[in-house]
Amino acid sequence: MLTQTQGQIYLANQRGCTQSNWYRSFHTFNCKSYFKESRKPFNNLLSLNDITLKAEHCIKQEATENIAVCLIPLVGNLKYKQPNEANKLLEVGESVVFSVNKGDLYQVECPYKRSLINYLHIEIKVSETINYNQSQFDFNSQMNQLLSLLKTDNHCFNISIGKFNGRVEGEHLVKNPENGVFAFVIEGAFEIQDRLLQIRDGLALWDAEQIDFEALSNDAIVLILDVGKA
């Protein structure tokens, strides 16, 4: 492991929460009525929400500034709608990134009649339009490596995901030295840059050229985002 770099851990059990009888969202960063001084956005990463949505329900959201939206289904498929576009289906094992301009609406819908869905909803502040990108990833054939979900040409942000067996080590090279790195554990446990992270914990890192990590459990899944500074 490299010498420990400056960072901040975001524990899963300290996340904010917004919920109703058909919706629940855990907020890694400040969102809606949840606010803590220590949970401000990390660079241009505005939100990372872990959302559960009940059957036949829909969430409509208005962008408060120009953003890139990333959706990653974790349990069940979802439907989503970009501004001025038809509904599209996103399956487990896929992700999508699309741009939304300030003031525009976009939505996510649970397509099932009886089952709920769980997905990650990420918003990143951008200064230019990001090309629509829907990616597929197959952990069964691509274990123990980071898979790119999106690489922007100017590296203003990059998104990677990987599934690892216990005690397998990996590394992530930061393409843009101006970027920070945010790691989020979707399943299992990892040691990332000498910090222990468990399921749904996050870690923000500054001034790091390379991130080293080790999976501490089988079938551990990590999401890593390079994000530019605001």
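The values are calculated or read from the model by the stated rules, or taken from the named source; none is laboratory data. Since this is a predicted model, take the numbers as computed values, not measurements. Heads up, the Cβs are rebuilt from the backbone with ideal geometry, glycines too, and the neighbour counts pull from every protein chain shown. The accessibility values were calculated without ligands, DNA or RNA, using every heavy atom of the protein model including side chains. Shrake-Rupley method; radii C 1.70, N 1.55, O 1.52, S 1.80 Å.
Looking across the range 173-218, the residues that are of a type in the set (D, E), without any contact (Cβ under 8 Å) to a residue 60 or more places away in the chain and in a loop (DSSP other than H, G, I, E, B) come down to E178, E209. Here is the figure for the range 101-110: residues that are loosely packed, with under 14 Cβ neighbours inside 10 Å and among the aliphatic types (A, V, I, L, M) total 1. From the list A215, A220, the one residue that fits, being crowded, with 18+ Cβ neighbours inside 10 Å and either under 17 Å from the mean Cα position of the chain (by Cα) or acidic (D, E) (or both), is A220.
Residue count for the range 144-177 satisfying the condition of being at pLDDT 90 or above, open to solvent by 40 Å² or more (accessible area, probe 1.4 Å) and closer than 17 Å to C70 by Cβ: 2. For the range 111-143, a tally of residues being open to solvent by 70 Å² or more (accessible area, probe 1.4 Å), of a type in the set (S, T, N, Q) and over 18 Å from S47 (Cβ atoms) returns 6.
With respect to (1) assigned to a strand (DSSP E or B); (2) closer than 28 Å to F139 by Cα, the lone exception for T18 is condition (2). Filter the range 145-168 down to the residues that are assigned to a loop (DSSP other than H, G, I, E, B) and in contact (Cβ under 8 Å) with a residue 40 or more places away in the chain and list them by number. Answer for the range 145-168, where residues must be assigned to a loop (DSSP other than H, G, I, E, B) and in contact (Cβ under 8 Å) with a residue 40 or more places away in the chain: H155, C156, N165, G166, R167, V168. Return yes or no: is D226 in a strand (DSSP E or B) and on the phi < 0 side of the Ramachandran plot? The answer is yes for D226.
Step by step: first the residues of the range 10-59, then only those that are of a type in the set (V, I, T) and over 14 Å from the mean Cα position of the chain (by Cα), then the one that is surrounded by the most Cβ atoms within 10 Å (Cβ to Cβ). Which residue is that? Spell out the reasoning first.
First, pick out the residues of the range 10-59 that are of a type in the set (V, I, T): 18, 28, 51-52, 59.
Of the ones still in play, those that are also over 14 Å from the mean Cα position of the chain (by Cα) are 18, 52, 59.
Details: T18: 15, T52: 18, I59: 16.
Among residues in the range 10-59 that are of a type in the set (V, I, T) and over 14 Å from the mean Cα position of the chain (by Cα), the one surrounded by the most Cβ atoms within 10 Å (Cβ to Cβ) is T52.
Residue pairs whose Cβ atoms lie under 8 Å apart, sitting 6 or more positions apart in sequence or on different chains, and linking a residue in the range 106-133 that is under 23 Å from F29 (Cβ atoms) to a partner that is charged (D, E, K, R) and open to solvent by 90 Å² or more (accessible area, probe 1.4 Å), are Y106/K60; Q107/K60. Checked against (1) free of Cβ contacts under 8 Å to residues at least 24 places away in the same chain; (2) part of a strand (DSSP E or B); (3) not aliphatic (A, V, I, L, M), N84 passes all but a single condition, namely (2).
Going by the structure shown, is G228 open to solvent by less than 30 Å² (accessible area, probe 1.4 Å), touching a His at 6+ places or on another chain (Cβ under 9 Å) and closer than 29 Å to E65 by Cα? Don't jump to the end; show me each part of the working.
Numbers: open to solvent by less than 30 Å² (accessible area, probe 1.4 Å): yes; touching a His at 6+ places or on another chain (Cβ under 9 Å): yes; closer than 29 Å to E65 by Cα: yes.
Judged against the criteria, G228 is a match.
When only residues in the range 178-198 that are over 23 Å from N131 (Cα atoms) and out of contact with any strand residue (DSSP E or B) (no Cβ under 7 Å at 6 or more places or on another chain) count, which is least open to solvent (accessible area, probe 1.4 Å)? The residue in question is D194.
Looking only at residues that are at pLDDT 95 or above and among the acidic types (D, E) in the range 66-100, which one is surrounded by the most Cβ atoms within 10 Å (Cβ to Cβ)? Out of the qualifying residues, it is E94.
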